[in-house]
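Encoded as structure tokens, the structure appears first; notes follow it.
The values are calculated or read from the model by the stated rules, or taken from the named source; none is laboratory data. Quick caveat: nothing in here was measured; it's all calculated off a predicted structure. Quick reminder, even Gly has a Cβ in these numbers, built from the backbone with ideal geometry, and neighbours come from all protein chains shown. Keep in mind that these areas ignore ligands, DNA and RNA; they rest on the heavy atoms of the full protein, side chains included. Shrake-Rupley method; radii C 1.70, N 1.55, O 1.52, S 1.80 Å.
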Amino acid sequence: MTPAQGIETLALAVSMRQSLWLYPIVEIVHITGFVTLVGSVAMLDLRVLGVSKSLSVRALARHLLPWTLGALLLIVPSGLLMFIAHAGDFIDNPAFRLKMVLIIFAGLNAIAFHRGPFARAADWDTCRAAPPGARLSAAASLLIWVGVISCGRLLAYL
Ligand code: HEM
């Protein structure tokens, strides 16, 4: 028995497969979570890229970041529950592997942004263009998250 097959024998994994409503409900939680995460991230990225420049980028980040981090409390447990239900299939699925790699890149990009150009956001808080490094990070973030969503949707097809 492979480790993935072992995971699929867990009681929770068996319930996720056998229950009529558990998997769809968990997937709805997953979708609610990533809509909140990607939506809040995209709003900050667009502001950094120059949309609504009169809006304070620091005030916007203070408003959005709790939603971004809070959304992970929905996404990760629900994603893991769906994963354990069909671990053998997902572990071999190239879309799943790419999705996990992209999520790691999104996290590293966000850390680099917040520790880098955003640490000096007072210099470009309103009505000024963000520095090139910040705009590059925001553009990369938008592309990476569209990639994560695409991989997530393609999971059912590969
Ligand atoms: C962090 C950001 C994440 C985003 C934006 C995201 C996005 C998505 C999307 C768009 C889908 C397809 C939903 C559908 O078509 O109904 C999906 C499905 C899925 N996600 Fe995520 N996901 C994220 C994190 C995770 C994590 C951390 C895991 C777990 C390890 C995970 C596991 C899954 C699984 C197993 C499915 C397949 C559901 C199915 O089609 O049966 N996801 N995700």
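Assorted remarks:
- In region 110-124, the condition of being within 13 Å of the chain's Cα centre (by Cα) and either under 29 Å from residue 8 (Cα atoms) or within 14 Å of the ligand (Cβ to nearest atom) (or both) is met by at least one residue.
- Count of residues meeting criterion [open to solvent by 40 Å² or more (accessible area, probe 1.4 Å) and either within 16 Å of residue 103 (Cβ to Cβ) or hydrophobic (A, V, I, L, M, F, W, C) (or both)] in region 119-135: 4
- Condition check for residue 98: closer than 20 Å to residue 152 by Cα and surrounded by 19 or more Cβ atoms within 10 Å (Cβ to Cβ): no
- Filtered residue count, region 125-153, keeping only those that are in contact (Cβ under 8 Å) with a residue 24 or more places away in the chain and within 11 Å of the chain's Cα centre (by Cα): 8
- Taking region 118-135 as the range and being assigned to a helix (DSSP H, G or I) and closer than 16 Å to residue 62 by Cα as the test, the residues that pass are 118, 119, 120, 121, 122, 124.
- Options 70, 88, 79; residue that is among the small types (Gly, Ala, Ser), open to solvent by less than 50 Å² (accessible area, probe 1.4 Å) and farther than 17 Å from residue 156 by Cα: 70
- Qualifying residue in region 136-150 (condition: part of a loop (DSSP other than H, G, I, E, B) and either out of contact with any Pro (no Cβ under 9 Å at 6 or more places or on another chain) or surrounded by fewer than 17 Cβ atoms within 10 Å (Cβ to Cβ) (or both)): no
- Where residue 99 falls short, out of the listed (1) among the charged types (D, E, K, R); (2) within 10 Å of the ligand (Cβ to nearest atom); (3) farther than 25 Å from residue 143 by Cβ: (3)
- Subset tally (residues that are of a type in the set (A, V, I, L, M, F, W, C), open to solvent by 50 Å² or more (accessible area, probe 1.4 Å) and touching a residue at least 60 places away in the same chain (Cβ under 8 Å)) for region 1-45: 4
- Meets criteria (closer than 20 Å to residue 26 by Cα and open to solvent by less than 80 Å² (accessible area, probe 1.4 Å)) for residue 57: no
- Contact map, region 60-86: residues that are more than 7 Å from the ligand (Cβ to nearest atom) paired with residues that are not charged (D, E, K, R) and not in a helix (DSSP H, G or I), Cβ distance under 7 Å, separation 6+ or inter-chain. Pairs shown: 84/10.
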